[in-house]
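Have a look at the structure below, then the notes.
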Amino acid sequence: MGKNKNAAAGAGTDQELLAVALTGLLEEESVSPATRTALVAIAGGRGAGDGAAVRTLVLRPRAQRGELRGGSGADDLSGRRALVYSVTKTILAAAVLRLAARGVVDLDGPAERWLPELAGRPGGVTVAQLLAHRAGLPDYGGRADYHAAVAAGREPWSGDEFLERCGVTDRDGKGPPVGVFAYSNIGYLLVGRLLERAGGAPLAEVLAREVFSPLGLASAALLRTRADLDGLFFGPSPAFGDVPVATAYHPGWVAHGVAAMTAADACRFMHGLTEEYLPGLLLRRMRDGLPVGGPMGGRPWVEPSYGLGTMVELDPAAGPYWGHTGGGPGVTPAAYHTPGPVPVSVAVFLDGEDGALAEWMAVEVLHRLRRPR
């Protein structure tokens with residue numbers, strides 16, 4: 001009895017120390033004055049199949065420690081959903097891999113089979129290259145007209161307009177060379193179209209069938225309208241000044257589609273990418289990252305790499321870990337997993353726009369909890 005009490009006390013102390021460390025990062029490292037709250041969901045264990053519990057910390061600057069919250073009441077931020085922005089890319093990739101596991105999609109076959117939009121472009125492109133941002137496609141992230149339209153609160157461009165404005169339909173090969181890493185939201189717009197065509201249903205239905213339902217992500221959904229943003233976890237955004245993000249933004253500005261879920265479900269998603277969900281060979285391909293450059297200033301990456309829809313740290317001292325960071329108006333999500341005797345997954349939601357801070361907080365959790373005791 002005494003041993004069990006000591007063990008419980010030790011677990012409680014670990015949680016308190018972790019909360020204090022993360023709150024310290026939130027106070028000291030934030031470069032965004034808009035960041036006021038972090039939701040940090042943590043899971044440890046052998047994946048979704050063992051019923052690994054997920055706990056959520058609600059952290060605020062200037063607090064003495066984080067608060068461990070439970071329940072899902074209206075005033076409980078731990079149960080609040082948020083846009084996961086580019087973490088949606090990992091969700092889309094997981095759905096493609098599920099179709100590949102059943103032989104519907106050939107990862108190494110021509111993407112043009114499903115995507116006539118790519119016909120006539122120089123160089124063949126495989127489905128795997130599309131998932132790995134190596135399909136020679138441009139992006140809209142640096143376009144002034146895109147940022148101006150978002151900030152003005154305009155209706156989003158259609159998928160075809162995204163493709164036209166970025167030159168994908170010009171057939172002149174506009175974009176980087178095929179095979180070279182070049183991050184492309186346009187590429188994942190096409191991944192979404194591939195899923196609809198190969199999956200035989202609208203994208204929201206394909207994701208529910210292939211990802212959300214199998215992994216038990218009860219809060220997850222693909223959002224389509226401004227009204228869908230009501231009640232989500234947001235901070236203010238420089239793009240909109242004093243106007244709340246939920247009233248100024250349209251989720252259609254994420255060209256490949258954007259999912260919303262709780263931090264706990266984002267953590268469950270990352271923790272559920274196991275051999276119970278996908279065959280081992282496909283999981284390895286998902287995490288078999290190729291280098292994309294050297295260390296990133298101000299961010300935790302030492303040997304940053306990218307697999308099939310996943311950001312991957314290859315440095316053996318810093319990693320291994322994999323997952324994805326997202327960024328957009330009013331919230332920054334990051335969800336990562338590290339393997340080991342006790343695998344650990346973490347999801348961080350910040351109510352501000354500070355990707356480096358979200359990553360540092362996630363990596364802090366992984367490094368602390370994967371250490372042998």
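The values are calculated or read from the model by the stated rules, or taken from the named source; none is laboratory data. All values reported here derive from a predicted model rather than from experimental measurement. Here Cβ is always computed from backbone atoms with ideal geometry, including for glycine, and neighbour counts include all displayed protein chains. With ligands, DNA and RNA removed, areas are computed over all heavy atoms of the protein, side chains included. Shrake-Rupley method; radii C 1.70, N 1.55, O 1.52, S 1.80 Å.
Using a simple charge model, +1 on the beta-carbon of Lys and Arg, -1 on the beta-carbon of Asp and Glu, nothing else, what dipole does the range 237-371 show about its Cα centre, in debye to the nearest 20?
My answer is approximately 360 debye.
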Estimated dipole of the chain in Debye, rounded to 20 [Cβ of Lys and Arg +1, of Asp and Glu -1, Cα centre]
840 debye
Output the peptides 220-226, 334-340, 299-305 sorted from most to least packed, where packing is the average of other Cβ atoms within 10 Å over each peptide's residues.
334-340, 299-305, 220-226
Alpha-carbon centroid distance for the pair the range 86-139 / the range 340-371, whole angstrom:
29 Å
Grab the DSSP H runs of the chain that are 4 residues or longer, score each as -39,500 (n - 2.57), total them, divide by all residues and round the 222 nm result to the nearest 500 deg cm²/dmol.
-9500 deg cm²/dmol
Can you pull the one-decimal nm distance between simple spin-label points at ARG60 and ASP242, each 7 Å off the Cα toward Cβ?
2.3 nm
Any idea which of GLY153, TYR249, TRP114 is furthest toward the positive side of the dipole for the chain, if Lys and Arg beta-carbons carry +1 and Asp and Glu beta-carbons -1?
TRP114
Can you give the accessible area of GLU196 in Å² (nearest 10), computed on protein heavy atoms with a 1.4 Å probe?
70 Å²
How far, in nm, would the chain grow between ALA119 and HIS367 when pulled straight, counting 0.36 nm per residue and subtracting the alpha carbon separation?
84.7 nm
Quick one, which of [x] 20.3; [y] 21.0; [z] 24.2 is the actual Kirkwood radius over Cα pairs in Å calculated for this model?
[y]
Once neighbouring chains are kept in place and the probe is 1.4 Å, which whole percent of the accessible area of the range 229-373 is contributed by carbon and sulfur?
58 percent
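Would you mind getting me the FRET efficiency between ASP76 and GLU161? Use the beta-carbon distance for r and R0 = 41 Å, nearest 0.05. Please list the in-between numbers first.
Values: r = 40 Å, r/R0 = 0.97.
Efficiency at R0 = 41 Å is approximately 0.55.
Grab the Cα-Cα distance for ARG224 and ASP106, subtract it from 0.36 nm times how many residues apart they are, and report the gain in nm with one decimal. The partial results should precede the final answer.
Working: separation 118, 0.36 × 118 = 42.48 nm, distance 2.89 nm.
Computed gain between ARG224 and ASP106 is 39.6 nm.
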Please give the length that would be gained between ARG284 and ALA148 if that part of the chain were fully extended, namely 0.36 nm times their separation in residues minus their C-alpha to C-alpha distance (nm, one decimal).
45.0 nm
Farthest towards the positive end of the dipole of the chain, among THR325, ALA266, VAL178 and with Cβ unit charges of +1 on Lys and Arg and -1 on Asp and Glu, lies the Cα of ALA266
Gaussian network model of the chain, Cα springs within a sub-10 Å range: biggest mean-square fluctuation belongs to which of ALA248, ALA94, ALA227?
ALA227
For the range 79-140, what is the accessible area per residue in Å² when the probe is 1.4 Å?
30 Å²
The range 76-171 - percent of accessible surface contributed by carbon and sulfur, probe 1.4 Å:
48 percent
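How much area per residue is accessible in the range 284-373 when the probe is 1.4 Å and only protein heavy atoms are counted (Å²)? Present the calculation step by step, with values, prior to reporting the outcome.
Numbers: 3200 Å² over 90 residues.
That works out to 36 Å² for each residue.
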